[in-house]
Amino acid sequence: MTQRAVQLGLRENAAQFGLLIVLNAFVGAMVGLERSTLPLVGQEDFGLGSSAAVLSFIVAFGAAKALTNLAAGSLATTVGRRRLLVLGWLFALPVPLLIGVASTWEVVVVANLLLGVNQGLTWSMTVVMKIDLVGPKRRGLALGLNEAAGYGGVALAAGLSGWLAADLAARDVLVTGAAAVAVAGLAISALFVRDTGAHVELEQHESSHASGEHAPRLREAFAAASWRPGPLRTYSQAGFVNNLNDALAWGLIPLYLAANGAEVEEIGLVAATYPAVWATAQIGTGAWSDRIGRKLPIVAGMLTQAAALGVLAAGGGELAPSLVAAVVLGLGTALVYPTLIAAISDEASPVARASVVGVYRFWRDSGYVAGALLAGVAADGLSFEAAIVIVAVLTALSGLWVAAEAPPTRYSRSGRGERRSAPARISGA
């Protein structure tokens with residue numbers, strides 16, 4: 001591909017962007033298949049009586065995904081986005097086989113380590129490649145569409161697997177569906193996806209703030225997005241807490257509902273409603289953040305999530321309040337999820353973006369580990385309701401942190417939100 005043939009923009013790259021949208025739906029479906037079934041498989045097939053033991057698969061998944069995100073961000077520049085995408089799908093192939101033949105829960109945990117690597121590579125690359133294609137002007141919309149596709153896949157797979165598991169063995173449903181998705185994702189990535197490195201070079205060349213800057217080393221990006229004062233640190237902690245409460249929704253809510261007499265179909269309905277609302281709403285919320293800036297949607301979303309968890313705890317595991325909580329939680333997450341990635345991307349120059357997004361996604365997905373451990377231990381030692389309330393409080397505090405420290409949005413005469421300043425220079429010349 002010559003420099004002349006490369007253009008930035010959603011319309012200019014519609015074919016590849018659309019292909020990546022479809023692909024990310026497959027990425028999400030790999031996780032969605034577990035949302036309705038795997039906690040129940042742990043109890044029914046392996047006789048696990050402890051919430052912490054059941055949620056150990058989320059700990060393994062989150063740890064592997066977080067570390068893979070960190071590595072993928074740095075490797076994207078040297079190895080290439082497309083190669084990492086294909087590699088991610090190769091890691092998915094053994095997952096259904098291991099779950100299908102597992103005679104102990106430890107084998108299922110190992111399968112989820114591989115699933116975490118799959119998600120870290122494939123989701124990271126579909127996110128970064130879409131950002132590469134569209135350029136800076138419609139970044140929020142692009143990320144809203146990306147996350148909508150991914151979590152639409154989560155919702156569809158969660159609902160369908162829960163429905164099928166009412167009549168078929170839950171493990172059989174999970175294994176068959178995961179095998180089909182993994183093969184399809186690998187074929188699409190290997191045969192049709194093109195790398196976006198040339199788009200990064202073009203955007204970097206056009207940037208007025210990027211003269212002489214090189215891609216940062218991992219330690220430079222990690223420091224900038226982890227502990228140095230500034231927006232990157234603030235957004236990273238919000239991502240961490242967001243996935244902390246998502247771990248609770250994924251692993252604990254099915255157990256909470258089952259303990260209060262819910263049928264498998266009802267659990268599947270709640271498990272699917274949350275990501276379905278999240279997926280649908282974030283198409284609009286991502287574009288909205290392009291207009292009004294990132295701060296307001298993030299703060300509002302975190303506080304909305306906290307309120308939803310309060311409704312869930314107060315409902316006592318009944319179906320109606322749980323569905324209401326799932327809807328509200330989905331709306332809150334839709335406000336937060338694409339906006340946080342867009343905000344991180346705003347603060348990094350094109351050559352630094354993959355590394356900085358990788359660090360952010362490391363912290364965000366580390367929230368799965370913390371959330372699963374916290375929710376499991378609190379549920380075993382206190383109660384389901386207490387675990388949910390603890391996570392709700394942490395979510396509200398995270399939103400208040402963003403309100404206090406995130407930079408304000410400056411508005412142009414057109415009414416569109418703009419960054420307060422130029423992208424941060426992560427590395428030296």
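The values are calculated or read from the model by the stated rules, or taken from the named source; none is laboratory data. Just so we're clear, the structure is a prediction, and the values are computed from it rather than from any experiment. A quick note on method: Cβ atoms are made from the backbone with ideal geometry, for glycine too, and the neighbour counts reach across all protein chains shown.
If you scan the range 71-86, which residues turn out to be in contact with a Ser or Thr (Cβ under 7 Å, 6 or more places away or on another chain), among the hydrophobic types (A, V, I, L, M, F, W, C) and at pLDDT below 95?
The one that is in contact with a Ser or Thr (Cβ under 7 Å, 6 or more places away or on another chain), among the hydrophobic types (A, V, I, L, M, F, W, C) and at pLDDT below 95: Ala72.
Is it the case that Arg138 is surrounded by 18 or more Cβ atoms within 10 Å (Cβ to Cβ) and more than 23 Å from the chain's Cα centre (by Cα)? Write out each step before concluding.
Numbers: surrounded by 18 or more Cβ atoms within 10 Å (Cβ to Cβ): yes; more than 23 Å from the chain's Cα centre (by Cα): no.
In short, no.
For the range 295-306, does any single residue satisfy the condition of being among the small types (Gly, Ala, Ser), modelled with pLDDT of 85 or more and under 23 Å from Arg353 (Cβ atoms)?
The answer is yes; a qualifying residue exists.
Those residues that are over 26 Å from Asn13 (Cβ atoms), at pLDDT 80 or above and not basic (Lys, Arg), I need them from the range 195-220; list them, please.
Within the range 195-220, Glu220 is the sole residue that qualifies.
Here is a yes/no grid of residues against (1) among the hydrophobic types (A, V, I, L, M, F, W, C); (2) more than 20 Å from Leu248 (Cβ to Cβ); (3) in a helix (DSSP H, G or I); (4) modelled with pLDDT of 95 or more:
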| residue | (1), (2), (3), (4) |
| --- | --- |
| Pro338 | no, yes, yes, no |
| Ser345 | no, yes, yes, no |
| Val351 | yes, yes, yes, no |
| Trp363 | yes, no, yes, no |
| Ser366 | no, no, yes, no |
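Which helices (runs of 4 or more DSSP H) does the range 15-134 wholly contain that include 1 or more residues that are buried (at least 19 other Cβ atoms within 10 Å of the Cβ), without any contact (Cβ under 8 Å) to a residue 40 or more places away in the chain and aromatic (Phe, Trp, Tyr)?
Numbers: elements: 38-44, 51-54, 56-79, 81-92, 94-101, 105-134.
Per the criteria, 81-92.
Only residues that are among the aliphatic types (A, V, I, L, M) and within 13 Å of Ala111 (Cβ to Cβ): list them for the range 16-66, please. Please lay out each step first, then the result.
As a first pass, look at the range 16-66 and keep what is among the aliphatic types (A, V, I, L, M): 19-23, 25, 27, 29-31, 33, 38, 40-41, 48, 52-55, 58-60, 63-64, 66.
Selection gives Met30, Val31, Leu33, Leu38, Val41, Ile58, Ala60, Ala64.
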